[in-house]
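Colleague: Below is a structure I'd like to ask you about.
Laboratory data are not the source of any read-out in this text; all were calculated from the coordinates shown. As the structure is a computational prediction, the values presented were derived from the model and not from experiment. Here the Cβ positions follow ideal geometry from the backbone for every residue, glycine too, while neighbour counts run over all protein chains shown.
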Amino acid sequence: MKSFIHLFEETQEELGRKLEEEEVEFLDWLYQRYIEEKTEKIS
């Protein structure tokens, strides 16, 4: 997965608008889960 900033910018571009705070929080949660799972698989 891309960096959080890349994911954030790409999502805004796809939607054609700025993200609402709830959407940013969801993307942050999603990205953190991805990092956690990726770290667990490496261990």
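Colleague: Under a Cβ-Cβ cut-off of 12 Å, what is the net charge of the residues other than residue 2 that fall near it, where Lys and Arg count +1 and Asp and Glu count -1?
Modeller: -2
Colleague: Could you give the angle, 0 to 90 degrees to the nearest 10, between helix 21-42's Cα long axis and the longest principal axis of the Cα atoms of the chain?
Modeller: 20 degrees
Colleague: Does anyone have the angle between helix 4-15 and the longest principal axis of the chain? Alpha-carbon axes, 0 to 90°, nearest 10?
Modeller: Once rounded, the angle reads 40 degrees.
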